[in-house]
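One structure is given here, and the rest of the page talks about it.
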Amino acid sequence: MIHYFGSKRDLFAETLRLPLHLRDQVAALVRADPETAGEHVVRLFLGTWNNPTTRAPLAAMMRSVFSDEEAAEALGQFLSVHMIGPVVAASGRDRPDLRVTLIAGHLVGLAIGRHVLGVTPLASAALEDLIACVAPVVQHYLTGDLPSPAPGRRSR
């Protein structure tokens, strides 16, 4: 496989390319009301994981990020550049890099707990219940006020 793509990083980049329908959905999120974008981001992310066609490849890819630095970097780039980054940029809020990583960390943790580790009751929770629990947090990361960095500490 790597023979066709040149490197693991290129292989993962190809694997993570947005399908056309997902690209359209992200574009719609960018144009949506910023005050409801959190719910739409969570719904899109979890819906992608609930789709039987995409669940297995996503789970395999997620497992690989634990042991392959290039895979982890490729996933981070995918989330920040193609999926979450555009929505954060459209919000026009301060500290966009921090907002992207807060959202990505939350959603990736949710996916790992639910679909890779199968932690109950997270794994058996209804999709709408998860959206109702997680969307307000993601909404805050998107548009809410973030605390200022503590004096004397560098923000990374």
Exercise for review: Considering every residue within segment 10-21, establish whether at least one is of a type in the set (Ser, Thr, Tyr) and modelled with pLDDT under 75.
Suggested key: yes
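Based on what the data block shows, is residue 112 closer than 15 Å to residue 59 by Cα and either surrounded by fewer than 19 Cβ atoms within 10 Å (Cβ to Cβ) or β-branched (Val, Ile, Thr) (or both)?
Numbers: closer than 15 Å to residue 59 by Cα: yes; either surrounded by fewer than 19 Cβ atoms within 10 Å (Cβ to Cβ) or β-branched (Val, Ile, Thr) (or both): yes.
In short, yes.
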Review point. If only one of 125, 150, 89 is farther than 27 Å from residue 57 by Cα, hydrophobic (A, V, I, L, M, F, W, C) and not in a helix (DSSP H, G or I), which one is it?
Key: 150
Exercise for review: Kindly provide the set of residues from segment 133-146 that are among the small types (Gly, Ala, Ser) and either over 17 Å from the mean Cα position of the chain (by Cα) or assigned to a loop (DSSP other than H, G, I, E, B) (or both), ordered by number.
Suggested key: 144
Check your understanding: Among the residues of segment 108-121, is any small (Gly, Ala, Ser), closer than 17 Å to residue 55 by Cβ and touching a residue at least 40 places away in the same chain (Cβ under 8 Å)?
Key -> yes
Review point. Of the residues 54, 48, which single one is under 13 Å from the mean Cα position of the chain (by Cα), in a helix (DSSP H, G or I) and surrounded by 12 or more Cβ atoms within 10 Å (Cβ to Cβ)?
Key: 48
Review point. Among the residues of segment 67-120, how many are over 16 Å from the mean Cα position of the chain (by Cα), acidic (Asp, Glu) and at pLDDT below 90?
Key: 3
Review point. Under 7 Å by Cβ, and 6 or more places apart or on different chains, what pairs join a residue from segment 126-149 that is touching a residue at least 12 places away in the same chain (Cβ under 8 Å) with one that is part of a loop (DSSP other than H, G, I, E, B)?
Key: 143/93; 146/95
Review point. Within segment 37-65, restricting attention to residues that are free of Cβ contacts under 8 Å to residues at least 60 places away in the same chain and polar (S, T, N, Q), which residue is nearest to residue 142 (Cα to Cα)?
Key: 48
Review point. Scanning for something surrounded by 13 or more Cβ atoms within 10 Å (Cβ to Cβ), polar (S, T, N, Q), assigned to a helix (DSSP H, G or I) and in contact (Cβ under 8 Å) with a residue 60 or more places away in the chain, does segment 66-78 turn up at least one residue?
Key: yes
Practice item. Within segment 128-147, work out how many residues are within 25 Å of residue 57 (Cα to Cα) and of a type in the set (A, V, I, L, M, F, W, C). Key: 5
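The values are calculated or read from the model by the stated rules, or taken from the named source; none is laboratory data. Model, not experiment: these values are computed from the prediction. We place every Cβ from the backbone using ideal geometry, glycine too, and count neighbours over all the protein chains shown.
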